[in-house]
Amino acid sequence: MTLNQAPSARPVTVLVVDDSVLMQKLMTQIIDSAPGFKVIGVAGSAEEGWDAIQELRPDLLTLDLELPGRHGLKLLARVLKQDPLPVLIVSAFGGPGADNTIQALELGAIDFIEKPDGTTHTLEGFMKHLVAALHRASASRKMLAAARALAREAAPARLAPVREPARASASPGGRTSLIAIGASTGGVPAVQVVMRDLANLRIPMVVVQHMPAGYTAKFAARLAAATGLDVREAADGDRLKPGMAVVAPGGLRHLEIEERRGELVCVLKEGPLVSGHSPSVDVMFHSVARSLGAHAVGVLLTGMGRDGADGLLAMRKAGAETLIQSGETCVVNGMPKAAFEIGAADRVVALDQIGAAIGHLIAERPHQRTA
């Protein structure tokens with residue numbers, strides 16, 4: 001383990017855990033050149049990393065999953081259980097190893113980026129993504145302890161103030177035909193919690209989770225195992241059925257939902273970034289508002305930025321029920337806060353109560369249509 005002299009002004013301190021000396025030096029150079037961040041130590045193994053955490057008390061941890069003995073996941077689990085702090089996964093475990101990254105996010109890692117490989121993932125891109133990810137991880141620091149504590153406790157749903165413009169009135173006897181969910185930073189475990197709690201309703205679900213290509217299929221498979229639902233990466237033309245859920249594929253296409261002759265159909269369309277993302281939560285929510293109006297429920301979960309806020313407002317105007325995750329249970333309260341500020345949310349609900357809140361809303365309506 002090597003130590004760096006911290007400057008007098010208090011930056012966000014970072015511990016780098018990676019068994020590659022080259023990566024240690026590269027990441028130290030990038031992080032130290034980013035305003036407001038400082039590497040205070042590096043470690044080359046899980047054991048060394050744990051000791052450094054206890055000694056240095058960093059604000060953030062970057063973690064390579066492929067440590068000697070493959071103990072990266074074990075270190076992550078130990079850190080989040082005994083000494084919680086934001087953890088950013090920086091690993092070469094893309095492609096076939098994406099399961100490990102998804103598992104790390106399920107355990108509670110804040111975010112992940114892939115190491116440069118000289119081809120698909122360039123050094124310039126790595127530098128950009130690392131600095132952006134550090135800012136997301138830093139934004140999560142103040143919320144992390146409170147969010148994890150509240151996730152273990154029941155919290156009542158709270159009504160958000162009704163704001164203009166008023167939404168259209170739901171038609172009497174309206175049926176809920178779809179649950180639409182959007183999430184970003186911290187969303188992998190949050191989406192899993194919500195979908196697990198909604199699985200018994202057997203209502204089709206659509207998910208946009210900000211995640212690059214190569215990971216969303218693995219994410220869908222993990223959701224299927226956790227919920228017992230038929231969860232798959234969305235394909236163009238997929239028809240949604242009861243007990244089925246789709247995850248928008250990472251990449252250059254947006255996912256929209258259309259209603260065709262009484263069936264809900266997935267449509268993938270190439271297009272520019274919307275709200276900074278592809279796929280975009282806003283695009284998906286807007287399509288649900290157009291196709292289903294009051295016959296849908298929109299849920300916006302943890303994430304940085306404002307993707308999904310405008311689309312959720314469109315759903316609310318169209319008569320759909322709209323919920324956002326409460327700020328104190330978010331890893332990053334960016335997207336839900338943006339939605340609240342423009343009056344897009346009917347309800348502000350703690351993460352572990354979202355499923356129950358939706359269940360109560362749906363119980364007030366006749367059962368969803370049979371596809």
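The values are calculated or read from the model by the stated rules, or taken from the named source; none is laboratory data. If you're wondering where the values come from, they're calculated on a predicted model, not measured in any experiment. In this analysis, Cβ positions are derived from the backbone assuming ideal geometry, glycine residues included, and neighbour counts consider all displayed protein chains. SASA here: full protein model, heavy atoms, side chains in, ligands and nucleic acids out. Shrake-Rupley method; radii C 1.70, N 1.55, O 1.52, S 1.80 Å.
Overview of values
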| quantity | calculated |
| --- | --- |
| Any helices (runs of 4 or more DSSP H) falling wholly within region 40-131 and containing at least 3 residues that are more than 26 Å from Leu223 (Cα to Cα) | 46-56 |
| Scope region 198-220; condition open to solvent by 60 Å² or more (accessible area, probe 1.4 Å) and farther than 21 Å from Gly303 by Cβ; matching residues | Asn200, Arg202 |
| Search result, residues across region 340-349 that are open to solvent by 10 Å² or more (accessible area, probe 1.4 Å) and in a strand (DSSP E or B) | Arg347, Val348 |
| Residue under evaluation Pro272, criteria (1) in contact with a Leu (Cβ under 8 Å, 6 or more places away or on another chain); (2) of a type outside the set (D, E, K, R); (3) not in a helix (DSSP H, G or I), criterion not met | (1) |
| Meets criteria (open to solvent by less than 10 Å² (accessible area, probe 1.4 Å), more than 14 Å from Gly182 (Cα to Cα) and in a helix (DSSP H, G or I)) for Gly355 | yes |
| Residue that is most open to solvent (accessible area, probe 1.4 Å) [pool: residues in region 221-260 that are more than 24 Å from Leu201 (Cβ to Cβ) and not small (Gly, Ala, Ser)] | Leu252 |
| Some residue of region 320-339 being of a type in the set (Val, Ile, Thr), within 17 Å of Glu259 (Cβ to Cβ), open to solvent by less than 30 Å² (accessible area, probe 1.4 Å) and in contact with a helix residue (DSSP H, G or I) (Cβ under 6 Å, 6 or more places away or on another chain) | no |
| Filtered residues of region 300-315 (kept if open to solvent by 10 Å² or more (accessible area, probe 1.4 Å) and over 15 Å from Ile257 (Cα atoms)) | Met304, Gly305, Arg306, Asp310, Leu313 |
| Region 268-288: number of residues that are of a type outside the set (Lys, Arg), open to solvent by 10 Å² or more (accessible area, probe 1.4 Å), in contact with a strand residue (DSSP E or B) (Cβ under 8 Å, 6 or more places away or on another chain) and more than 21 Å from Glu321 (Cβ to Cβ) | 5 |
